[in-house]
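In what follows, a structure is listed as structure tokens, so that the remarks can point back to it.
The values are calculated or read from the model by the stated rules, or taken from the named source; none is laboratory data. Values in this document were obtained by computation on a predicted structure and should not be read as measured data. No Cβ is skipped: glycine too gets one built from the backbone with ideal geometry, and neighbour counts run over all protein chains shown. Calculation scope for accessible area: heavy atoms of the full protein, side chains included, ligands and nucleic acids excluded. Shrake-Rupley method; radii C 1.70, N 1.55, O 1.52, S 1.80 Å.
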Amino acid sequence: MKYSLALIPFILISHSAQASIAPYDYISSIKVNGIELASPVPASQANALLNRTPTQLKYEYSECTGNTEFSAQTKEKYLKFEIFSEDNPQVKNDQFYKNKNSFSQLGQTKGNIWLEWDQANKITDKIQIGQKTITAQYSFQQFKKDFPKSAKLAENNLPAYVILLPPSVLKSALKTPEDYDLPYIGNLAFTFKNGKLVKFLINQGIAC
């Protein structure tokens with residue numbers, strides 16, 4: 001499986017005492033351009049996350065997870081659409097995916113959305129976490145107000161994490177947080193430099 005460079009700190013943190021999700025703030029809903037990303041999203045909605053259409057997709061089969069992945073890169077962001085077979089019982093054979101190169105061709109196929117804004121000053125999407133809004137001007141001062149637990153663990157120019165608990169794991173994760181670790185659970189990664197947001201990621205958690 002290919003990892004973004006931004007995922008490398010996850011691999012390092014997973015071996016530390018802070019790997020458990022317990023010390024962090026959590027959310028159970030995040031919407032980008034009105035689309036809920038805490039649960040699998042139909043491919044037909046995904047173009048609304050790229051701000052342009054049609055978009056040529058890059059196909060990849062992950063030997064690590066056994067999942068099919070499609071990705072797209074724009075000037076503003078990187079998007080990965082990760083497909084789990086259990087979310088798509090209508091697809092009987094993985095060969096279905098091999099000749100697809102657009103979200104419109106994938107139709108109602110569901111996938112988990114990963115998003116990366118490598119330069120946060122280029123964020124133009126509407127990003128909503130409950131009543132909180134993430135914009136290109138989002139600051140560490142606001143982060144401390146919005147996510148005080150996570151802010152205590154934050155360091156300048158390193159990812160600060162907020163845990164993303166989808167409805168399917170919410171109850172069990174809150175009951176036994178020690179059983180859930182970064183990077184194996186969904187999360188938001190905020191990177192601040194000198195008090196300003198410089199990078200923002202929505203990660204769905206790695207499986208291996």
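Using a 10 angstrom Cβ neighbour count of at most 16 plus a DSSP loop assignment to flag exposed chymotrypsin sites (Phe, Trp or Tyr not before Pro), which longest range of the chain is free of such sites? Longest site-free region, per DSSP loop and neighbour criteria: 85-183. Under a Gaussian network description of the chain, with springs only between Cα atoms under 10 Å, the residue in LEU50, LEU170, LEU115 that fluctuates furthest is LEU170.
The phi-based Karplus calculation (6.51 cos²θ - 1.76 cosθ + 1.60; θ = phi - 60°) puts the 3J(HN,Hα) values of the range 178-184 at 5, 8, 10, 10, 6, x, 8 Hz, whole numbers, x for Gly and Pro.
Remark: the range 139-150, residue by residue, has Karplus-estimated 3J(HN,Hα) of 10, 5, 4, 5, 4, 5, 6, 6, 9, x, 5, 5 Hz, where x stands for each Gly or Pro and the curve is 6.51 cos²θ - 1.76 cosθ + 1.60 at θ = phi - 60°.
Karplus-derived 3J(HN,Hα) values for the range 157-163, using 6.51 cos²θ - 1.76 cosθ + 1.60 with θ = phi - 60°, are 6, 10, x, 10, 9, 10, 7 Hz; glycine and proline are entered as x.
What distance in nm lies between label points placed 7 Å from Cα along the C-beta direction at LYS145 and TYR59? Taking the simple label geometry, LYS145 and TYR59 are separated by 4.8 nm. Of the listed residues SER85, SER28, the order by accessible area with a 1.4 Å probe, largest first, is SER85, SER28. Name the residues whose placed amide hydrogens come within less than 5 Å of the amide hydrogen of LYS199, ignoring near sequence neighbours (fewer than 5 apart) on the same chain. Amide H neighbours of LYS199: ALA120, THR191. Where in the range 144-162 is the amide nitrogen less than 20 Å from a point lying 7 Å along the Cα-to-Cβ axis of ALA22? Under cut-off, by backbone N: 148-154, 161-162.
The helix-based estimate of mean residue ellipticity at 222 nm for the chain, built from -39,500 (n - 2.57) per DSSP H run of four or more residues and divided by its residue count, is -3000 deg cm²/dmol to the nearest 500. Taking a threshold of 23 Å on the Cα-Cα distance, which of the pairs LYS31/LYS199; LYS75/LYS144; LYS58/LYS196 fall above it? Over 23 Å apart, Cα to Cα: LYS75/LYS144; LYS58/LYS196.
GNM on the chain, C-alpha springs below 10 Å: top fluctuator among GLN131, GLN95, GLN45? Fluctuation is largest for GLN131.
Among the GluC sites (Glu not before Pro) in the range 86-176, those located in a DSSP loop and surrounded by at most 16 other Cβ atoms within 10 Å of their own Cβ are GLU155.
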